[in-house]
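The values are calculated or read from the model by the stated rules, or taken from the named source; none is laboratory data. Keep in mind that what you see is a predicted model, and the values were worked out from it rather than measured. Note: ideal-geometry Cβ built from the backbone for every residue, glycine included; neighbour counts use all protein chains shown.
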Amino acid sequence: MAEHIYTLDGDTFHPTHWAGSPWSATSQHGGPPNALFMRAAELYQQRYSGPDNRINATFEIIYLHGWAPHESQQKPLRPGSAEQRLANALDTEERPADETPETYKKS
């Protein structure tokens, strides 16, 4: 790679001007996870690249998302408070929940 987003100094990554954001000189694209990925790509390219200098790799990215209840969230309505039946909204016939297609008899 000709130009690096981060440079490695011992165990520390330092951003280059390529890590800057177009909206703010102080914010960075990607941050340390991006630097770690780029370093892994550099090492992988050195060790496993093909004759065309491309690297073929499969990897998994794991995302964690936090959630907490908030007062602005919609609250569930009490059972039986619907103003319209779901079967009517879907333009279909209502059937008991325990009825299967085999036991369903059209009237």
Quiz prompt | Candidates A19, A25 - the one that is at pLDDT below 80 and exposed (fewer than 13 other Cβ atoms within 10 Å of the Cβ) | solution = A25
Quiz item: Looking at A82, A57, which one is of a type in the set (A, V, I, L, M) and modelled with pLDDT under 80?
Solution: A57
Quiz item: Hey, among the residues in the range 37-79 that are β-branched (V, I, T) and under 26 Å from P15 (Cβ atoms), which one's surrounded by the fewest Cβ atoms within 10 Å (Cβ to Cβ)?
Solution: I62
